[in-house]
Amino acid sequence: MRILFVALPAYGLSLPLVPLAWAARSAGHEILFASANPMAKVLAEAGLPVVDAFPAQDIWLDFTRLAQNEETAEMPDDVRRLVRSKNSYGYVALTTAEPTVRAGRDFGADLVVFASDHGGGPSVAAKLGVPALEVGNRMAWAMRDREFREKPSILTDGVIGELLGSRLGLAGPAPVSLAGIDLRAPSIGGLTGTEADEVDGKPWWPMQCLPYNGGVVVPGWALAAPTRPRVLVTLGTTVPLLTGVSGLSVVLDALSTMDLDVVLAGGSADLTELGTLPANVTSAGFLPFSTILPRCSLMIHHGGAGTIAAALAYGVPQFVLPAYGENRTSADQLTERGVALQADPEQVTAELLRDTVQRLLGEPAFAKVAREVAREIAEMPSPASTIAKVEHRMREMAR
């Protein structure tokens, strides 16, 4: 079987597909990713074949402008419609759709696997005339959720579907839905077994979220057991791109007065506006969470899906400073489950930060519940077992 994986070119929107792609390759299937900068290189470094659907350009420069709802005189009408519907993700899907279809046709794809955020996934499958497998890549929602389906969003907005249909010349039926995959822990909205979709009847399967955050040459200090509680701090990759890192100042100021080892995972973000870092802070640049979380007592972050998934998988309590809409929903869910506390990043003070960190580290209940959720995740079906289900379902559909 030849499987085409498509995902928007951002860390949290692409990397959740990597373990499933590895599982497919290990089972003997041919796989190909269709992506764009900056993820084309990252996915290739993960040992996966990748075609760049937006070569020699940085699509995120356009994405950033569109995310800020900026219209320009030279902007095509279809892009202008996406700006007005606040669908910057849709712009990426629209721009990469035709190259992705060409790659899938040349590859001879039998199946398209797409992340839920990728509005172009079903259209690519429809154009290629093959089934589509949807993989949830969020911790706050899945497309099977009635509440999410009924709430206006860029994924329930018909504009991108209409534009993609026109761009790709789609006039036939929608692609056959092979199944959907929900990566969430059962106690945080996920599944304990297969469920039929209440709208189209396709099966939804639970699957273990194996955090993959990229590869790195691990510094020795990251593997050594700390002599005092270690706290990991990050804003992910998208927040610094859109708003900078100034929000970290109050966090680092608060932690500087506490007896902690603080690791700042800032990726490639420019940290100069933070000035000289406190003595107990190690700036790690890009550091995959899997290398550091097993030896952390707490994670402070913006509420991104990939960040949350990693902390849950490693059983680490969380302090969430939610950056925007969906992050707030995630923070509410984590707080309700008892694995996290949260604060408004616009209102938080150093005193509140210190008090909250002391509570998360000092009250055993947070670590206990975090370990419970980690055990739930570890007991979910593996990507390898999911590929076996895919093979069985494809055989059924071929009869």
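The values are calculated or read from the model by the stated rules, or taken from the named source; none is laboratory data. Being a predicted model, the structure only gives us computed values, none of them experimental. Cβ sites come from the backbone with ideal geometry, for glycine too, and all protein chains shown count toward neighbours. For accessibility, only protein heavy atoms count, side chains too; no ligands or nucleic acids. Shrake-Rupley method; radii C 1.70, N 1.55, O 1.52, S 1.80 Å.
When you count the other C-beta atoms within 10 angstrom of each residue and take the mean per peptide, 117-126, 135-144, 316-325, 372-381 line up highest first as 117-126, 135-144, 316-325, 372-381.
With the highest mean first, a sort of the peptides 40-48, 215-223, 297-305 on other beta-carbon atoms found within 10 angstrom per residue produces 297-305, 40-48, 215-223. Other residues with beta-carbon under 10 Å from the beta-carbon of V51 carry, at +1 per Lys or Arg and -1 per Asp or Glu, a net charge of -1. Here is the P(r) of segment 111-185: all C-alpha pair distances, binned every 10 Å from 0, give 20, 50, 28, 2 in whole percents. Pairs of Cα atoms in segment 317-399 fall into 5 Å distance bins, from 0 up to the last occupied one, in shares of 3, 13, 16, 15, 13, 10, 8, 7, 6, 4, 3, 1, 0 percent. Calculated on the Cα set of segment 251-318, radius of gyration then Dmax: 12.1, 33 Å. The mean sequence separation of alpha-carbon pairs under 8 Å and at least six residues apart, normalised by the residue count of the chain, gives a relative contact order of 14 percent. Of all the options A225, A265, A313, the one that moves most in a Gaussian network model of the chain with Cα springs shorter than 10 angstrom is A225. Taken over the C-alpha atoms, the chain has Rg and Dmax values of 21.0, 66 angstrom. Each 5 Å bin from zero holds the following percent of Cα-Cα pairs in segment 287-365: 3, 16, 29, 25, 19, 7, 0.
Report note on the peptides 98-106, 85-93: ranked by the mean count of other C-beta atoms within 10 Å, highest first, their order is 85-93, 98-106. Note on segment 1-34 and segment 265-344: Cα centroid distance 25 Å, given to the nearest whole angstrom.
Just to confirm, what accessible area per residue do you get for the chain at 1.4 Å probe, in whole Å²? Let's see the in-between values first.
On the way: 16850 Å² over 399 residues.
Roughly 42 Å² per residue, with all protein chains present.
Counting only protein heavy atoms, what percent of the accessible surface of the chain is carbon or sulfur at a 1.4 Å probe?
Working: 8660 of 16850 Å².
Here it works out to 51 percent.
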